[in-house]
Structure formats: C-alpha cells, structure tokens
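*Asks:* Once you've had a glance at the structure underneath, I'll fire off some questions.
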Amino acid sequence: MKDGIHPAYQRTTVTCACGAVYHVGSTKTNLRIEICGQCHPLYTGKQRIVDTGGRVERFKKRYGMK
C-alpha cells in the first residue's frame with residue numbers, strides 16, 4: 001500500500017439520540033446517530049409509531065378522496 005494516502009484511524013465516540021454512548025475505531029470523530037442497538041425496535045421488542053399515516057392515506061386526505 002502507498003504511504004500517506006489513507007485517512008488516520010482513531011478512537012472515536014458514537015452518541016445515539018437515546019443517550020447511549022459507544023467508543024469505537026473510525027476515521028471520523030464524534031459521530032451522532034439516530035438509532036442504535038439499545039433503542040432499535042428489532043432488539044427491544046417495542047414498536048414505535050413514527051408516521052401515523054402512509055403515503056396513500058395522506059394523498060387521499062389531501063385531495064378529498066374517500
């Protein structure tokens with residue numbers, strides 16, 4: 001491999017929106033993520049409803065279709 005062309009690999013902190021903090025190796029510093037293993041519905045078993053209506057329902061509501 002060529003010298004001097006690769007980014008520096010360093011220890012960084014990953015912070016989730018739920019408050020979880022992880023320390024991993026990365027080429028970037030201080031990453032912020034929206035969802036992690038502690039708050040993801042697949043791992044927790046709890047379903048959060050993010051969007052109350054789908055795209056079709058919003059279209060029908062907007063244009064008065066029933």
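The values are calculated or read from the model by the stated rules, or taken from the named source; none is laboratory data. Values in this document were obtained by computation on a predicted structure and should not be read as measured data. Keep in mind that these areas ignore ligands, DNA and RNA; they rest on the heavy atoms of the full protein, side chains included. Shrake-Rupley method; radii C 1.70, N 1.55, O 1.52, S 1.80 Å.
*Asks:* In the full protein assembly as shown, how much of Lys60 is accessible to a 1.4 Å probe, in Å² to the nearest 10?
*Replies:* It works out to around 90 Å².
*Asks:* I'd like to check one number: the per residue accessible area of the range 10-63, probe 1.4 Å, reported in Å² as a whole number.
*Replies:* With the other protein chains kept in place, the range 10-63 gives 88 Å² per residue.
*Asks:* Quick check: with the 1.4 Å probe, what order do Glu57, Glu34 take by accessible area, largest first?
*Replies:* Glu34, Glu57
*Asks:* Roughly how much of Ile5 is accessible, in Å² to the nearest 10, using a 1.4 Å probe?
*Replies:* Accessible area of Ile5: about 110 Å².
*Asks:* If you don't mind, another one. Straight distance only, please: which lysines reach the Cα of Lys60 with their own Cα at less than 23 Å, same-chain residues fewer than 8 apart left out?
*Replies:* Here the lysines satisfying the reach criterion relative to Lys60 do not exist.
*Asks:* Please arrange Leu42, Leu31 by accessible surface area, largest first, computed with a 1.4 Å probe and ligands excluded.
*Replies:* Putting Leu42, Leu31 in descending order of accessible area: Leu42, Leu31.
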